[in-house]
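Here is the structure we will look at, set down as structure tokens.
The values are calculated or read from the model by the stated rules, or taken from the named source; none is laboratory data. Quick caveat: nothing in here was measured; it's all calculated off a predicted structure. Reconstructed Cβ throughout: ideal geometry from the backbone, glycine too, with neighbour counts over all protein chains shown. Heavy atoms of the whole protein, side chains included, go into the accessibility calculation; ligands, DNA and RNA do not. Shrake-Rupley method; radii C 1.70, N 1.55, O 1.52, S 1.80 Å.
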Amino acid sequence: MDSYNLIQKIAIYALPVLLAITLHEAAHAYMARRFGDNTAYMMGRMTLNPLKHIDPIGTVLLPLLGLIIGGVLFGWAKPVPVNFGALKNRRVGTRWVAAAGPLANLGMAVMWVLLFKLAVGVDSYFSEPLALMSQVGIQINIVLMVLNLLPVLPLDGGRIVESLLPPGMAWKYSRLEPYGLWILLALVFSGLLSPILRPFINLMYSLLGVLM
């Protein structure tokens, strides 16, 4: 993709990135409402409209800088507001609300794999752009899924771990949440995040490769 200019790269990346963040956040909102919390629904966040989920810095600026200077795309969307105290069966509800986002990314990764198969199997003008877009879709969804499953609050993996721990340990674990962002930033700038994620990303590529 190095031969493509910035405008062409943006055209290839835009749809997969917007779908990845939009469906991830909408899935959280849907699952929260299903378990009794209407906060995100009432705020208009249970929607497939990407404008409702875009964070100017995390969704636009950082990915754009990543395209310009190269390297791994890194960013985030506006997190869906969830009142965990309003969930029916709080521990089970928390677990499913947290898992909904990564599961949405897994579903999208499978969808992009199937579209990639279609692109390479059909000889047309759209085959190459669709194949490139599909590769981006697979990559961004796998990375988002694996990253969000890290057992660090407030990431989804942290919420899942918290919901599985005994109440006393869960309370102690929850007190680490204010430091979660700093932990992630430390992993990013120390260069440790990529080696931690890579084995799980490679595993997902291997599993999805069965479909290709």
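Loop-only trypsin sites (Lys or Arg not before Pro) in the range 42-131, please: DSSP not H, G, I, E or B, and at most 16 other Cβ atoms within 10 Å.
In loop regions of the range 42-131 (DSSP not H, G, I, E or B), the sparsely surrounded trypsin sites (Lys or Arg not before Pro) are LYS88.
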Original post:
Can you pull the percent of the chain's accessible area that's carbon plus sulfur, 1.4 Å probe, other chains left in place?
Top reply: 70 percent
**OP:** Can you tell me which of 20-29, 158-167 comes out highest on packing, and rank the rest after it, using the mean Cβ neighbours within 10 Å?
**Re:** 20-29, 158-167
Subject >> Cα-projected label distance for ASN89 with LEU65, points at 7 Å along beta-carbon direction, nm >> reply: 4.3 nm
Original post:
Given that just one value was derived from the coordinates, which of (1) 51, 34, 33; (2) 57, 37, 35; (3) 69, 35, 33 is Cα extents along the principal axes in Å?
Top reply: (2)
**OP:** At 18 Å minimum axial length over the Cα atoms and a Kyte-Doolittle cut of 0.0, report the qualifying DSSP H helices in the chain, or say none.
**Re:** 6-34, 90-121, 127-148, 193-209
Subject >> Gaussian network model of the chain, springs between alpha carbon atoms under 10 Å - residue of ILE12, ILE201, ILE68 with greatest fluctuation >> reply: ILE68
Original post:
Taking only C-alpha pairs under 8 Å that are 6+ residues apart, what is the relative contact order of the chain in percent?
Top reply: 20 percent
Original post:
Setting aside same-chain residues fewer than 8 positions from LYS117, which aspartates and glutamates have a Cα under 20 Å from its Cα?
Top reply: GLU128
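If you count only protein heavy atoms with a 1.4 Å probe, what accessible area per residue comes out for the chain, rounded to a whole Å²?
57 Å²
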Original post:
When the solvent-accessible surface of protein heavy atoms is calculated with a 1.4 angstrom probe, in what order do PHE116, PHE200, PHE126 fall, highest first?
Top reply: PHE126, PHE200, PHE116
Original post:
When the helices in the chain are scored as -39500 (n - 2.57) per DSSP H run of 4 or longer and the sum is shared across all residues, what 222 nm value do you end up with, to the nearest 500 deg cm²/dmol?
Top reply: -22000 deg cm²/dmol
Subject >> Assigned charges on the beta-carbon of Lys, Arg, Asp, Glu; the range 110-212 dipole about Cα centre (debye) >> reply: 300 debye
Original post:
Based on Cβ point charges of +1 for Lys and Arg and -1 for Asp and Glu, what charge dipole magnitude is obtained for the chain about its Cα centre, in debye rounded to the nearest 20?
Top reply: 780 debye
Original post:
Along the positive direction of the dipole of the chain (beta-carbon charges: Lys, Arg +1; Asp, Glu -1; about the Cα centre), which of GLN139, ASN83, PRO56 reaches farthest?
Top reply: ASN83
Original post:
Which aspartates and glutamates have a Cα less than 19 Å from the Cα of LYS88, not counting those fewer than 8 places away in the same chain?
Top reply: ASP37, ASP156, GLU162
